[in-house]
Amino acid sequence: MKICFIGGGNMATALIGGLADKVTPGSDIHVIDPNPAALESLHTRFHVSTAGQIDHAVAASDVIVLAVKPQQMREVAAALQPHLQASQLVLSIAAGIRAGDLSRWLNAHAAVVRAMPNTPALIGKGITGLVATAGVSAEQRADADRILRAVGTTVWLDDEALIDPVTAVSGSGPAYVFYFIEAMQQAAQELGLSAEQGIALAKATFTGAAELAAQSSEPVALLRERVTSKGGTTYAALMSMEESGVKSAIIAAVKAAAQRGQQLGEEFGRD
């Protein structure tokens, strides 16, 4: 599988690291980015070929991964369109760019997969939601799955409208976890622990609890109940959260993220 990345930022680097000499030889990966330092680093680490702008090498690729900022996508699509072959799969990992708009910018290109990975992909622990247009073949769908599985797990969707909820839950989700860890560290310090002790306790607690939930076949509600003795310390904390509306606030926040994702799609796709 020959893959061309347009964009060599953090997410592209994570994907390339998971793919090079594992799913496909590094020499079969081509990266296009205007940043010479980024290209040099990628070539040194993964032995990929590179270019500073979209070139003829694009035509030799089976899959073209668009890993640029959403606001750059229309300009990149215009530069890509003259080099694009009908048989190629276009895989977009840009938030907010709808598959229909991307296809339109690429002169009605039929084979488009839209994906929403998240930053734990940087350590091979990501999860990605994907949706394919009707023009994507079974083989191309399998190729897209192999690429994203190189950095974690995948969830396929039947309706593109569900990409916005995926973005809200897992795409933006790591930030919610970091936010909670920050709050736990601050609480630890206010209770007399050092900053180093607080962050160590908070990180290990999140990592351990998440791994326990991942490995358990039981509902997370049951896992929570097992830690919560009536009248105990955990009970006091959870009651405080309930009284403060923490769960409702989290649900509202995720819905706000999903709504913003939909708005971005409308804004970026507007002619």
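Observations on the structure shown:
- Against the conditions (1) crowded, with 19+ Cβ neighbours inside 10 Å; (2) outside any loop (DSSP other than H, G, I, E, B), Glu40 satisfies every one except (1).
- Of all residues making up the stretch 131-160, the number that are touching a residue at least 60 places away in the same chain (Cβ under 8 Å), among the hydrophobic types (A, V, I, L, M, F, W, C) and either in contact with a helix residue (DSSP H, G or I) (Cβ under 7 Å, 6 or more places away or on another chain) or not assigned by TED's automatic domain parsing to the domain that holds Met11 (or both): 3
- Pair list, Cβ < 9 Å and 6+ apart or interchain, from the stretch 163-181 residues that are without any contact (Cβ under 8 Å) to a residue 40 or more places away in the chain to residues that are assigned to a helix (DSSP H, G or I) and of a type in the set (A, V, I, L, M, F, W, C): Val177/Phe206; Val177/Ala210; Phe180/Ala202; Phe180/Phe206; Ile181/Ile199; Ile181/Ala202; Ile181/Phe206
- Look at the stretch 232-258: where a residue is of a type outside the set (Val, Ile, Thr) and a partner is surrounded by 11 or more Cβ atoms within 10 Å (Cβ to Cβ) and not in a helix (DSSP H, G or I), sitting 6+ places away or on another chain with Cβ atoms under 7 Å, you get Tyr235/Thr228; Leu238/Thr228; Ala257/Ser172.
- Here Leu212, Leu193 are screened, and the one residue that is free of Cβ contacts under 8 Å to residues at least 12 places away in the same chain, surrounded by 11 or more Cβ atoms within 10 Å (Cβ to Cβ), at negative phi and not in a helix (DSSP H, G or I) is Leu193.
- Here Ser229 passes the criteria (1) touching a Phe, Trp or Tyr at 6+ places or on another chain (Cβ under 9 Å); (2) within 23 Å of Lys125 (Cα to Cα) except the one numbered (2).
The values are calculated or read from the model by the stated rules, or taken from the named source; none is laboratory data. All values reported here derive from a predicted model rather than from experimental measurement. Backbone-built Cβ (ideal geometry, glycine too); neighbour counts: all protein chains shown.
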